[in-house]
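The values are calculated or read from the model by the stated rules, or taken from the named source; none is laboratory data. All figures in this text were calculated on a predicted structure; none of them were measured in a lab. Cβ coordinates were reconstructed from backbone atoms using ideal geometry, including for glycine residues, and neighbour counts include every protein chain displayed. Note: areas computed on protein heavy atoms with side chains; ligands, DNA, RNA excluded. Shrake-Rupley method; radii C 1.70, N 1.55, O 1.52, S 1.80 Å.
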Amino acid sequence: MISRLGGDAATRVLLWAFGGMQPNPPPYLRAVSNTLSLGPSSWGDSVISADGLGWPFEDLIASCDVVISKPGYGIVVELGANAKPNILLSRGDWPEEPHLIEWLKKVAPCRLVSSSENVDASSFSQMISEVLAEPTKSPAAVGGEDQVVDLCRQFWAI
């Protein structure tokens, strides 16, 4: 993937994934060396449009080096299921956040950034290095497909 996007072996691919939220691109986005950013098409030429690649979201997560997002239920599960290094921007007063982060740190390299932190290109680059340097973790056990099939069979008596 990296060569198709214009990078080389030293290039890290960052996936900026905010679901329905569309924050403005951070000012340091292009200042971090040796990175390619995949993000929302609304960010224009600041990023490679993740939507424009036409890949399923699961493939984008599996193919990038680090995900930058907010700690929501869906993304936390995806990150945990892939043991994907991530940097999450705190939602502040969201009551579930501490519990999601506590679980995620058990299965994936994770850094939570509070809105009060002063992030610039240097500190962001350091965060990327830190999560990539963490030991590889075992992804969370996922599944449940068999249980769903059994429930459907019971419900519809098939």
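For this structure, a couple of remarks:
- Any pair with Cβ under 8 angstrom, 6 or more apart, that starts in the range 83-103 at a residue that is more than 21 Å from P26 (Cβ to Cβ) and assigned to a strand (DSSP E or B) and ends at one that is open to solvent by less than 60 Å² (accessible area, probe 1.4 Å) and not β-branched (V, I, T): none
- When each of P56, P85 is tested for being closer than 23 Å to G143 by Cα, open to solvent by 10 Å² or more (accessible area, probe 1.4 Å), at pLDDT 95 or above and under 15 Å from the mean Cα position of the chain (by Cα), the lone residue that passes is P85.
- For the range 107-149, a tally of residues being part of a helix (DSSP H, G or I), open to solvent by less than 50 Å² (accessible area, probe 1.4 Å) and either aliphatic (A, V, I, L, M) or touching a Gly at 6+ places or on another chain (Cβ under 8 Å) (or both) returns 5.
- Considering the conditions (1) without any contact (Cβ under 8 Å) to a residue 60 or more places away in the chain; (2) in contact with a Leu (Cβ under 8 Å, 6 or more places away or on another chain); (3) open to solvent by 40 Å² or more (accessible area, probe 1.4 Å), R12 is excluded by exactly one of them, (1).
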